[in-house]
Structures are given as structure tokens and as C-alpha cells.
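One structure coming up, written as C-alpha cells, with questions to follow.
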Amino acid sequence: MNVAGIDVSSKTITLAISRDGQIGKAREFKNTPQGHATLINRLRKATVSRVCLEATGQYHLDLALALEDAGLPLMVINPKAAKRFAEAMQTRTKTDVAVLAEFAQRMPFEPWQRPDDLALAIRACARRIAALNKLRTQTKNQLHAAQLTATTPDFLITDRQHSIAHREAQIEHLRRHVLDLIATDEERQQTLERLTSVSGIADASAIQLLGELLVLPDDMSAKQWVAMAGLDPRQHPSGSSVNKKPRISKAGNRYLRMALYMPALSAARHDPYVRAYYHHLIENRGLKKLQALCAIMRKLLHAIHAMRKNRTPFDSSRFYSPSETVAQ
């Protein structure tokens, strides 16, 4: 059986083909539509019957769609799964792409589930909004720095203020459009309404969350969602002399983590049950504030998973039920 492993970066794609267990020399292609077409031709000539691709943020999706459109059997795995496989195989000299080819050869085939067009459109809009938010924040920081010195010309201050206003108008325009898109589908509209029932989640955060969650397979568990977000705790043992405290893995979707951060922070401040849990983690379990906030993000993701599965609104009283909540 001929299989292939593909490693994707922002500009290039690296391909390794395994023929009857022998991994050939890696080849590189451009991460462009033309590069995708060339790679697909290469896979067809090699009569590849299985392709393993690592999920790498936003860079792998277009290639995955092209491979599926070409009729090539495709499995897309979390980077953490690839890393654990490499550790289990005790591979020290093999490249990432060779590990992926071996993963395709040895592991059971789980076909990739293609998101529908509406989910892909919502995701594209949500990520564009995230990029515009980042640009707006950068410009606000530049404006603040410019205003601290008397040597900055007034026209530069005005220019940055206009840039901020322009970004805000772009963001609002895209939000209205994506809300209109969501409204065309009754199920997605109901999901949006359930999300906005969560303490700390308004339309802006709900759009970002939907953009990332709608493209995930329906059969993923809450635990898998947490791993995909990179919010699962990771142990750091090192012999017998060092045993660091667990930290989140961060080996997943940073957009999903970003989308959860502000809702978790808002809920920890304003929802009595979430706030009680936050203080419990700090005062009784000795977590730092950021660690406690990450725990809330993880618990919120579990709650959202249950809401989507059971089609029920958020109930903060079930989030955490101590004998006595922290006074408001």
C-alpha cells in the first residue's frame, strides 16, 4: 500500500510517499492553488491510497479541500496526535513529514469530514474579523505611544485615529454580514442563540466561536474539543529531581483559545457561580489567576459542547455549585 504524509506551512507543503513501508525522499511544493494541483498529480502518479495531513491552523484547510475534491482518501490529524505517535515510535531522526507518512501506514484510517460551505464561510469571516481586531489593537497601541510625546505631528495622530475608525467600521460591517449568513440556517441560528445565553458571550465572541467549532466533526467529544483548543493540561516530568506543575498544552487552535478568553474573563467577574469557581481555584487549589482563567475557559468549552449536543441553553448554576457563592 502506498501512502503519503504531508506537512503544511504558510508558504510550502512537504510531501513524503511511503511505498510498501519504505519512505521516499521528501519533496516540496508551494502552498498555492497551483502547488496543490502539482502535488495532487504527484499523488495520483504514485497511486497513493491514503493521505495523512496535519492540521496546522489556517494553512491546511485549502489543501485538505483540494485533496478531497480530487477524490484522494484523506485523514487530518491534530498536531498533538502526531507528536504522541512520534514519541511512541521513539523516532529521533525522522522528519515531521516522515512521521506523518508512517502514521498513515500504521494507524487506522479515519476519513476527514469536510465542513459544509456555510461553516467554511462563517470561519473565513470570523478569522478576518480576528485579523482586523489585531490590526485595530496594534493601531491603538501606536496611537497611545504617539500621544505620549509632544514631537508627534498632529496629522499622524489624526491618521491613526482614522485608521482605528476604519478598522472598527470594517469589523462591524463583517459582523452584520456573518450574522445574516447565520440567520439563513435555522440550526446555526439556534446555536448562536444558545451561545449568547452563556455568561460573557455576546455576538462578537459567538461569531468567533462558531467560526472554529462549526468546522469540527460532529462526533468529537468535549475532551477532544479541549485538546483541539490546546487547553488540556500537560505534565512536565523530568527524572526524579524536577516535576513542574501542569500547564496547558497550547498545541491546538489558537483562534479558539482567543475566542474563549474574553468570555471566561467576563464570566469570572460577573457570573456568581463562575466567580465562585474562579475564587475556589485560587484560594483552595492554589492556582494562579491565569491558570484559574484557563480552567474556566476549559469548563466553558465543556458547557458549550453539552449545549450543542443537548440543544439546551447555558445554566450557570450547573457550572459550579458550592455551598455558598462568592458575594456580589
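The values are calculated or read from the model by the stated rules, or taken from the named source; none is laboratory data. Predicted model only: the values in this text are computed from it and were never measured. For neighbour counting, all protein chains shown are included, and Cβ atoms are generated from backbone atoms with ideal geometry for every residue, glycine included.
Those residues that are among the polar types (S, T, N, Q), surrounded by fewer than 12 Cβ atoms within 10 Å (Cβ to Cβ) and either assigned to a helix (DSSP H, G or I) or not assigned by TED's automatic domain parsing to the domain that holds residue 206 (or both), I need them from the stretch 148-179; list them, please.
Residue satisfying the conditions is 158 alone.
Kindly establish whether residue 40 is more than 22 Å from residue 211 (Cβ to Cβ) and touching a residue at least 40 places away in the same chain (Cβ under 8 Å).
Taking the combined requirement at face value, the residue does not satisfy it.
Consider the stretch 200-228. How many of its residues are at pLDDT 85 or above and touching a helix residue (DSSP H, G or I) at 6+ places or on another chain (Cβ under 8 Å)?
So the answer is 19.
Looking for something over 25 Å from residue 227 (Cα atoms) and either crowded, with 18+ Cβ neighbours inside 10 Å or within 25 Å of the chain's Cα centre (by Cα) (or both) - is there at least one such residue anywhere in the stretch 41-51?
Yes, because at least one residue in the stretch 41-51 is over 25 Å from residue 227 (Cα atoms) and either crowded, with 18+ Cβ neighbours inside 10 Å or within 25 Å of the chain's Cα centre (by Cα) (or both).
Can you tell me which residue within the stretch 251-294, out of those that are outside any helix (DSSP H, G or I) and closer than 23 Å to residue 198 by Cβ, is modelled with the lowest pLDDT? Reasoning before the result, please.
Going through the stretch 251-294, the residues outside any helix (DSSP H, G or I) turn out to be 251-253, 271, 284-288.
Of the ones still in play, those that are also closer than 23 Å to residue 198 by Cβ are 252-253, 271, 287.
On the way: 252: 67, 253: 82, 271: 92, 287: 92.
Taking the candidates together, the pick is 252.
Here's another thing I want to ask about it. Inspect all residues belonging to the stretch 187-197 and state whether any of them is exposed (fewer than 15 other Cβ atoms within 10 Å of the Cβ), more than 22 Å from residue 256 (Cα to Cα), of a type in the set (S, T, N, Q) and not assigned by TED's automatic domain parsing to the domain that holds residue 305.
No, every residue in the stretch 187-197 fails to be exposed (fewer than 15 other Cβ atoms within 10 Å of the Cβ), more than 22 Å from residue 256 (Cα to Cα), of a type in the set (S, T, N, Q) and not assigned by TED's automatic domain parsing to the domain that holds residue 305.
So, in the stretch 89-146, how many residues would count as being of a type outside the set (A, V, I, L, M, F, W, C), within 24 Å of residue 189 (Cα to Cα) and crowded, with 18+ Cβ neighbours inside 10 Å?
Total satisfying the criteria: 2.
Could you tell me whether residue 56 is of a type in the set (Ser, Thr, Tyr), more than 21 Å from residue 119 (Cβ to Cβ) and either in contact with a Leu (Cβ under 9 Å, 6 or more places away or on another chain) or surrounded by fewer than 20 Cβ atoms within 10 Å (Cβ to Cβ) (or both)?
Taking the combined requirement at face value, the residue does not satisfy it.
Among the numbered conditions (1) in contact (Cβ under 8 Å) with a residue 12 or more places away in the chain; (2) surrounded by fewer than 17 Cβ atoms within 10 Å (Cβ to Cβ), tell me where residue 69 comes up short.
(1)
Let me ask another. Does the stretch 5-24 contain any residue that is of a type in the set (Asp, Glu), farther than 24 Å from residue 254 by Cα and in contact with a Gly (Cβ under 9 Å, 6 or more places away or on another chain)?
Looking for residues that are of a type in the set (Asp, Glu), farther than 24 Å from residue 254 by Cα and in contact with a Gly (Cβ under 9 Å, 6 or more places away or on another chain), one finds none in the stretch 5-24, hence no.
Is there any pair linking a residue in the stretch 106-118 that is part of a loop (DSSP other than H, G, I, E, B) to one that is modelled with pLDDT under 90, with Cβ under 6 Å and at least six apart or on different chains, and which?
From the stretch 106-118, the pairs are 113/217; 115/215.
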